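Have a look at the structure below, then the notes.
The values are calculated or read from the model by the stated rules, or taken from the named source; none is laboratory data. Not measured: the values here are computed from a predicted model. Using ideal geometry, Cβ is built from the backbone for each residue, glycine included, and neighbour counts are taken over all protein chains shown. Side chains included, ligands, DNA and RNA excluded: accessible areas come from the protein's heavy atoms. Shrake-Rupley method; radii C 1.70, N 1.55, O 1.52, S 1.80 Å.
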Amino acid sequence: MTAFFRCYPLIVAQTVREVLLSKRTLLFVALALAYPTVAIFASMKLGDRERIDEIFCGVTLGVFFQGLVPIVSMFFAVSTVREEIASRTLVYLITGPVPRAAIWLGKFTAAVLVCWLILGAALSIAIVVLPMLGETGFRHDVAITEATLYAPLLPALLAPVAYCAIGTAFAVRLQRAMITGAVYVVGWEYVVGSTPAQAGVRSLTVVDSARAMFFHGVDPQAARQFRGAMLEWASGGRRNMTDALIPSISDAVSNLAILTGVALVLALWFGLRRDYDSSSADD
Amino acid sequence: MSGPTTQPALAFSRVSLWYGNVLGVSDISFSISSGVVGLLGMNGAGKSTMMKLASGMLRPSIGSVEVFGTPPQDSTEVRNRIGLCPDMDRFYERMSGIAWVTFMARLAGVPSAKQKAAEVLDRLDMSDRMHKKIGGYSKGMRQRTKLARALVVGADLLLLDEPLNGLDPIGRHAMIRLVRELGDEGKAVLVSSHVLHEVEAMTDRLLLLHQGRILAEGKVHEIRDQLSERALQVEVRVREPRGLARQLIGADHVAGVDVERDRVVARVADAGLFFDQITNLGCDERYGIEAIVPLDADLESVFGYLVRK
């Protein structure tokens, strides 16, 4: 355990440094900035017809939680691990006195930190700028409510952790992990995450829990239309259904904890047992 | 090659490894306690596979690999005693040499890691370049940086996979001298190469590897002695080659003789008897024997012979 605690923070710090200095990270920073840009632009465009809470909720759910969070998290989780393997620098770690658990958990933690940094920056810009629009009365009658404004924080904190754990498990085990990650985001998170709640399978997605936490966090009155649309969608159009079909915050947190835990156990299971060769062809 | 009382630094016991259906190494057994041992084989012989097995990067399909009595994959303490210098030269390219070596030393729990890294890099003649980014290093500098990583942890077992690759003549000379020094310091060093004279310059203790199998092991002259069925070629520089050839050709221990203008090349079946005879003939002034030179006791010819055998 001493070796683990010695190596783990070193690997986290080194990986974060490598990722932040990578040019591809800039691409994802630019992509993340699309969210506050769209949120601000939509508020300015539609502010005379819709409440700012409604606009913020729609953009945050559609662009941030269903788009940015899974894409950014999956990319960084997979790339931090796969680049270490593909570049063969992993050889120095696995042949040194570094416990493999420290390698994989270090990579996972670094990916989470980078995601929090990028997604947090995007969310912060939206949170800082949108109230200004309301306060100045710019095409809005009332300012955005605090409850709605801060509703994305909890899911934005937890969802990247789950996605990164899943991405790490893919990357540790699979050579084409980036493709698998993309298929997972589109095929599982988008498609399965959009099945009627009654089917139950939706609770196995990260996006369902993130949506639920966000749904329960927003102001019920200020974002009434958004909540109504969510309920109708969650129930498959049955208006007599209640929000019981949307998991409570504690259930959503539990779901994410289970998904994260299972993915990390699988990542360690594969990562501790597998041989990682330093070359595809022998000498 | 192992000492009778000390625990071997590295011990392979009937090790075989398959890559899918392809055999990497087959039934390898040997041990090293200290000093430099050369792992010699052509490309594809399985040298890097053996390095990977020794470092714990790969697990054997059959048999066991032990470093100081423990499989390297089972113990971080044991891996702390291994210094691997792999054949590939990949790094975190944005780091400087000293930052990378310091990072590796910190992972290994080396106290005063940065100071130790600077000392090792200085020993490897990298002191003026260690603060530059690795991405701008030449092949030779990268080789030395890899070796610095192996040395900075104070490893007792050094696994150097083709350490002379890419080095200029001065760098090669320095590296050869360093490897010999490490062996003299009592470290166990397994150094691989496919270039015979390189290995010969570093050590006379060899493992000859071919197609995943150990062809021979021991000192160069011991390996040579194992080849009793092979005719040794000896050149005798002489004033009267035809007369000497007549004397030699009738002897049972001489398999054949080639006569040239000022020399005789004899194919010798029993070296002991031949050298007794040639010593006696050397006293006879009629032949004028000037020099006796074994032509193929060097490593390259031994290896070539063993591979063909």
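Per-structure values
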quantity: Residues that are among the hydrophobic types (A, V, I, L, M, F, W, C) and either open to solvent by less than 10 Å² (accessible area, probe 1.4 Å) or within 9 Å of chain B (Cβ to nearest Cβ) (or both), drawn from the range A:83-101; calculated: A:Leu90, A:Val91, A:Leu93, A:Ile94, A:Val98
quantity: Extreme residue, least open to solvent (accessible area, probe 1.4 Å), among residues of the range A:41-51 that are assigned to a helix (DSSP H, G or I) and without any contact (Cβ under 8 Å) to a residue 24 or more places away in the chain; calculated: A:Ala42
quantity: Residues (open to solvent by 20 Å² or more (accessible area, probe 1.4 Å) and in contact (Cβ under 8 Å) with a residue 24 or more places away in the chain) located in the range B:185-203; calculated: B:Gly186, B:Lys187, B:His194, B:Val195, B:His197, B:Glu200, B:Ala201
quantity: When residues of the range B:119-141 are limited to those that are open to solvent by less than 30 Å² (accessible area, probe 1.4 Å) and away from chain A (no Cβ under 12 Å), the one nearest to B:Trp100 (Cα to Cα); calculated: B:Met130
quantity: Restricting the range A:14-37 to residues that are in contact (Cβ under 8 Å) with a residue 40 or more places away in the chain, within 12 Å of chain B (Cβ to nearest Cβ) and of a type in the set (A, V, I, L, M), the residue that is nearest to A:Ala110 (Cα to Cα); calculated: A:Val19
quantity: Hits in the range B:151-165 (condition: in a loop (DSSP other than H, G, I, E, B), more than 8 Å from every other protein chain (Cβ to nearest Cβ) and within 18 Å of B:Val78 (Cβ to Cβ)); calculated: B:Gly154, B:Ala155, B:Asp156
quantity: Odd one out for B:Ser48, checked against (1) crowded, with 21+ Cβ neighbours inside 10 Å; (2) away from chain A (no Cβ under 14 Å); (3) among the hydroxyl-bearing types (Ser, Thr, Tyr); calculated: (2)
quantity: Which listed residue is open to solvent by 50 Å² or more (accessible area, probe 1.4 Å) and either in the same structural domain as B:Gln211 (by TED's automatic domain parsing) or among the acidic types (Asp, Glu) (or both), from B:Val22, B:Val15; calculated: B:Val22
quantity: Any hit, the range B:240-253, residues being away from chain A (no Cβ under 14 Å) and either in a strand (DSSP E or B) or under 30 Å from B:Ile32 (Cα atoms) (or both); calculated: no
quantity: In the range B:100-114, residue farthest from the other protein chains (Cβ to nearest Cβ) [restricted to those that are assigned to a loop (DSSP other than H, G, I, E, B) and either at positive phi or without any contact (Cβ under 8 Å) to a residue 40 or more places away in the chain (or both)]; calculated: B:Ser112
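Listed here are the residues, each with its yes/no results for (1) part of a helix (DSSP H, G or I); (2) open to solvent by 10 Å² or more (accessible area, probe 1.4 Å); (3) more than 14 Å from chain B (Cβ to nearest Cβ); (4) farther than 22 Å from A:Ala162 by Cβ.
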| site | (1), (2), (3), (4) |
| --- | --- |
| A:Ala39 | yes, no, yes, yes |
| A:Asp53 | yes, no, yes, yes |
| A:Gly58 | yes, yes, yes, yes |
| A:Gln66 | yes, yes, yes, no |
| A:Pro70 | yes, no, yes, no |
| A:Val81 | yes, no, yes, no |
| A:Ile103 | yes, no, no, no |
| A:Ala111 | yes, no, yes, no |
